[in-house]
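Some notes on the structure that comes next.
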């Protein structure tokens, strides 16, 4: 007999094998086993218990239990977080409860919730009869109801004023002569001589218009209306609301000044003269107005005469007049701003389109 010892590559477990010859006769006596050779013996205990006690299996089991515990804890936290109301939801719930129970604001600005039996006004409490139009209320801390008269209100008052002004403006435009038209203008005793001079040089008669649009109440005393003439021309008309009824501001409607625009340019008037002009920034410098470092230039347009010449007005750069004009131009969204200015020509003016701006009177053409 030959005893061989082998070892597996993976577990390194030692194995023994007994080799015997195959052609020995059957009657050969049984081999005597040496006392050094040991037979394999079964391990004590159950095989499942031995597997449970394996260190690798125990370590894997601990990891599995720890992972399951962490996942369960995360799920519990998420559920609790979803059930807790946010501050905004708490505020809504508090407001709804206050509305149901009856709430009012305390002196320090906080909300004080009153139970239903202490609410300020019980819905089922009968109210004493009061005159129509009176307001019934209960002062805080008082058990007695009081009445207060509502403010007087005229339904459609503003619309009625605008409608009356538009109706009068239509009559003003359709009047055949200025002598009849002067009865519809404001401050007619002062304006009548100006109208006489104006219509002696300009055509008189009814003014053909297409419509009156964009009625606006600019103050309790005045309203503005846009008159659209045939052909697309537009002009703003201001109406004053007086106790005697609405009256048209004729001077602002025609852009009248203290004298005719063409007469002023022809005579090269040296005395300061009041005019209603449309002002816009310009940059024309020549003659005695040729220094842009010292002067500010503006374009001045008058609408009182058809085809009136546009002139350039000048003021000292950085002076009070230039600052006032620039301020009004910056305030307006339009390219031109209506203003009341006093203008004058310099001595020995070589041209009739360059004037001094001697005074800024006001923005707008309507005088108080």
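Numbers for the structure displayed
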quantity	calculated
Pick from the stretch 284-334, criterion in contact with a helix residue (DSSP H, G or I) (Cβ under 9 Å, 6 or more places away or on another chain) and in a loop (DSSP other than H, G, I, E, B), ranking: surrounded by the most Cβ atoms within 10 Å (Cβ to Cβ)	302
Among residues of the stretch 255-281, those that are buried (at least 20 other Cβ atoms within 10 Å of the Cβ) and farther than 20 Å from residue 346 by Cβ, counted	4
The one condition in (1) over 25 Å from residue 331 (Cβ atoms); (2) in a loop (DSSP other than H, G, I, E, B); (3) touching a helix residue (DSSP H, G or I) at 6+ places or on another chain (Cβ under 8 Å) that residue 257 fails to fulfil	(1)
Residues of the stretch 335-368 satisfying the condition of being surrounded by fewer than 16 Cβ atoms within 10 Å (Cβ to Cβ) and in contact with a helix residue (DSSP H, G or I) (Cβ under 6 Å, 6 or more places away or on another chain)	352
Restricting the stretch 260-279 to residues that are in contact with a helix residue (DSSP H, G or I) (Cβ under 9 Å, 6 or more places away or on another chain) and at pLDDT below 95, the residue that is farthest from residue 165 (Cα to Cα)	269
Single residue of 210, 249, 187 found to be outside the structural domain of residue 310 (by TED's automatic domain parsing) and at pLDDT 95 or above	249
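The values are calculated or read from the model by the stated rules, or taken from the named source; none is laboratory data. From a predicted model like this one, the values you see are computed outputs, not experimental measurements. Every residue, glycine as well, gets a Cβ built from its backbone with ideal geometry; the counts of neighbours run over all protein chains shown.
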